[in-house]
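Q: Would you mind keeping the following structure in view while I ask a few things?
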Amino acid sequence: MGREKIYPFAVARIRMLENSLLTEKTYTQLIESKSAMEVFKILSDAGYGGESSIDVKNYEKALSNRLAKAYSDVKELVPKEHFPDVFLLKNDYQNLKVLVKSDISSINGENYLVGGTTIDIKDMKEAFETKNYGCLTENMAQAITESYEQYAKSQSGQAIDNVMDNAAFKDMLKVAKESGIKFVENYVKSLCDITNLKSYNRIKNMKKTFSDFESVFVHGGTVSLDTFKKAFNADGASGGFKETAYNDLALKMDEGFTVFEKSCDDYLMAFMRDAKYKSLTVEPLLAFIYAVETEVKTVRIIVNGKLNGIDTEVIKERLRDAYV
Amino acid sequence: MESLTLFNFSGQFYALLGAALAALAGIGSAIGIGIAGEAAAGVVSEDPNKFGQVLVLQALPGTQGIYGLLIAFIILIKVGLLGGDGMVDITVSQGAYILAAASPVGLVGIFSAIAQGKAAAAGIMLVGKKPSELAKGMIFAAMVETYAVLALLISFLMINSITF
């Protein structure tokens with residue numbers, strides 16, 4: 001008999017909410033629509049934007065509302081659990097990056113702050129301004145101090161990103177481990193590996209050196225820095241991952257940048273799709289958040305494509321696999 | 001010896017213990033219906049119109065409790081507790097027979113009802129996504145019923161063949 005905690009109410013509710021996810025059919029309609037206006041109309045019909053209709057001005061707001069609602073729906077269903085934070089933490093760190101950078105550059109970064117965080121933006125700003133980091137996690141407080149130090153040394157915004165990304169994964173892994181749920185832990189580890197693979201591919205494409213990769217490498221995944229080092233020195237970009245779980249994915253590097261980035265997202269989606277066959281445990285809740293995140297990403301790709309008059313075929317290539 | 005006198009109960013006691021054990025199948029039914037009920041509430045929270053459909057599925061794990069009750073009744077009638085003439089005299093070994101005969105329906109009932117509750121919860125979610133598949137969801141949950149019925153059958157046959 002399983003010892004995993006079961007959440008019949010939460011999972012059943014999530015299954016119902018999954019009915020509101022866009023389907024393959026809607027995506028096809030979206031892609032084949034003639035103009036951005038038509039896209040907005042289909043999105044409005046699908047429930048985006050609530051009561052008000054969507055247009056160029058407010059579609060970003062509608063998308064972020066959609067995400068925020070997914071986060072809060074899941075959080076409400078499991079109020080005592082912290083595992084949904086593995087999705088929210090990246091937004092916290094995004095905000096921290098914005099705060100640190102706007103402090104250094106004295107440019108107001110207000111517009112770049114994002115919702116869907118574990119710590120309220122107001123609280124975070126206050127903590128940041130008063131330098132009283134009580135409401136932040138230990139890793140966040142450390143990352144703030146360290147990012148200033150690193151910036152002082154290198155004078156590059158990239159240094160801040162690196163510090164923050166590493167701290168973000170540390171926090172995510174901590175949450176995942178504390179939850180004691182294997183699925184969550186595996187997700188964070190895969191995400192970590194995928195992040196590294198993406199940076200690896202970019203750096204390789206830009207013909208930069210291994211030390212550049214080392215500086216953006218995030219710890220916590222299953223693929224070690226050593227493996228990356230060997231792969232980096234081998235011929236071709238993709239050959240060095242035969243002994244890892246990512247060999248098939250790595251081979252996509254040869255097919256070009258867009259294909260690889262899409263394959264990375266699809267890899268994580270395939271991982272999440274396992275949750276479709278879990279009926280009582282926590283996996284579907286996480287998968288739902290991921291599904292909505294992917295949906296929003298896909299819709300953004302389509303909307304931006306249509307707004308900029310990009311060819312339908314080009315948009316199609318970039319579409320992520322959907323959950324349902 | 002001390003340990004022997006501890007278990008020096010009468011045959012009637014063992015017979016009643018058997019009836020009680022059979023009735024314990026209700027534990028499983030309660031847990032099973034509880035799990036299915038939570039799932040049902042999850043579906044109804046989004047779509048109140050599905051109440052009727054999910055209620056059918058929620059009720060499925062309840063049968064084990066009924067089987068337990070049935071066997072408990074048969075035992076009580078057999079030992080004369082429900083007849084009004086008082087309990088008949090039965091030996092310790094006859095009482096132990098009844099206890100043994102009651103155990104399948106009691107034990108299988110507990111675990112099969114929990115398992116059925118989970119299957120029913122999954123079926124309820126299936127109805128949430130695809131309302132037209134109610135029948136299939138019911139079949140999946142009803143498959144578990146087989147083993148509760150088999151246990152009921154064995155318990156019934158055993159009790160029937162015990163003679164005083």
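The values are calculated or read from the model by the stated rules, or taken from the named source; none is laboratory data. Not measured: the values here are computed from a predicted model. A quick note on method: Cβ atoms are made from the backbone with ideal geometry, for glycine too, and the neighbour counts reach across all protein chains shown.
Q: Within the stretch B:116-126, is even one residue more than 22 Å from the chain's Cα centre (by Cα) and either closer than 27 Å to A:Ile14 by Cα or modelled with pLDDT of 95 or more (or both)? Break it down stepwise before answering.
A: Step one: list which residues in the stretch B:116-126 are more than 22 Å from the chain's Cα centre (by Cα), which gives B:125-126.
Pick out the ones that are also either closer than 27 Å to A:Ile14 by Cα or modelled with pLDDT of 95 or more (or both) and you get B:125-126.
Yes, some residue in the stretch B:116-126 is more than 22 Å from the chain's Cα centre (by Cα) and either closer than 27 Å to A:Ile14 by Cα or modelled with pLDDT of 95 or more (or both).
Q: Here is a follow-up. May I ask you to list the residues in the stretch A:109-131 that are touching a Ser or Thr at 6+ places or on another chain (Cβ under 9 Å) and at pLDDT 85 or above?
A: A:Thr118, A:Ile119, A:Met124
Q: Tally the residues that are farther than 20 Å from A:Ala250 by Cβ, touching a residue at least 12 places away in the same chain (Cβ under 8 Å) and of a type in the set (Gly, Ala, Ser), restricting the search to the stretch A:178-193.
A: Of the residues in that region, 1 qualify.
Q: Are any residues in the stretch A:137-158 without any contact (Cβ under 8 Å) to a residue 24 or more places away in the chain and in contact with a helix residue (DSSP H, G or I) (Cβ under 7 Å, 6 or more places away or on another chain), and if so, which ones?
A: Selection gives A:Ala141, A:Glu146, A:Gln150.
Q: Moving on to the next point. Please give the number of the condition B:Glu133 fails out of (1) of a type in the set (Asp, Glu); (2) over 16 Å from B:Ala40 (Cα atoms); (3) within 14 Å of chain A (Cβ to nearest Cβ).
A: (2)
Q: Follow-up. Among the listed residues A:Lys229, A:Lys177, identify the single one that is under 26 Å from A:Lys97 (Cα atoms) and at pLDDT 85 or above.
A: Just a single option satisfies the conditions, and that option is A:Lys177.
Q: Also, I was wondering about something else. Considering the stretch A:69-91 alone, what residues qualify as being of a type in the set (Val, Ile, Thr) and surrounded by fewer than 21 Cβ atoms within 10 Å (Cβ to Cβ)?
A: Scanning the stretch A:69-91 gives a single hit, A:Val78.
Q: Another question about this same structure. Looking at A:Ser33, A:Ser20 in this structure, which one is touching a residue at least 24 places away in the same chain (Cβ under 8 Å), within 14 Å of chain B (Cβ to nearest Cβ) and among the small types (Gly, Ala, Ser)? Quick ask: steps written out before the conclusion?
A: On the way: A:Ser33 fails: within 14 Å of chain B (Cβ to nearest Cβ).
Going through A:Ser33, A:Ser20 in turn, the sole match is A:Ser20.
Q: I would also like to ask the following. Where residues in the stretch B:30-70 are without any contact (Cβ under 8 Å) to a residue 24 or more places away in the chain and among the small types (Gly, Ala, Ser), which of them is farthest from the other protein chains (Cβ to nearest Cβ)?
A: The extreme case among them is B:Gly52.
Q: If you don't mind, another one. If we keep just the residues of the stretch A:1-17 that are within 12 Å of another protein chain (Cβ to nearest Cβ) and free of Cβ contacts under 8 Å to residues at least 60 places away in the same chain, which is surrounded by the fewest Cβ atoms within 10 Å (Cβ to Cβ)?
A: A:Met1
Results for (1) closer than 18 Å to A:Leu319 by Cα; (2) polar (S, T, N, Q); (3) surrounded by fewer than 19 Cβ atoms within 10 Å (Cβ to Cβ), shown as yes or no for each residue.
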{"site": "A:Lys229", "(1), (2), (3)": "no, no, yes"}
{"site": "A:Ala234", "(1), (2), (3)": "no, no, yes"}
{"site": "A:Phe241", "(1), (2), (3)": "no, no, no"}
{"site": "A:Ala250", "(1), (2), (3)": "no, no, no"}
{"site": "A:Gly256", "(1), (2), (3)": "yes, no, yes"}
{"site": "A:Val259", "(1), (2), (3)": "yes, no, yes"}
{"site": "A:Ala270", "(1), (2), (3)": "yes, no, yes"}
{"site": "A:Ala275", "(1), (2), (3)": "no, no, no"}
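Q: Please verify whether the stretch B:21-29 includes one or more residues that are assigned to a helix (DSSP H, G or I), more than 14 Å from chain A (Cβ to nearest Cβ), free of Cβ contacts under 8 Å to residues at least 24 places away in the same chain and small (Gly, Ala, Ser).
A: No: zero hits.
Q: Let me ask something additional. Under 30 Å from A:Asn162 (Cβ atoms) and either β-branched (Val, Ile, Thr) or touching a Lys or Arg at 6+ places or on another chain (Cβ under 7 Å) (or both) - does that describe any residue in the stretch A:33-44? Break it down stepwise before answering.
A: The first filter runs over the stretch A:33-44 and keeps only residues under 30 Å from A:Asn162 (Cβ atoms), leaving none.
No - not one qualifying residue is present in the stretch A:33-44.
Q: Hey, could you check the stretch A:37-68 for residues that are surrounded by 20 or more Cβ atoms within 10 Å (Cβ to Cβ) and assigned to a helix (DSSP H, G or I) and say which is nearest to the chain's Cα centre (by Cα)?
A: Per the criteria, the residue is A:Leu67.
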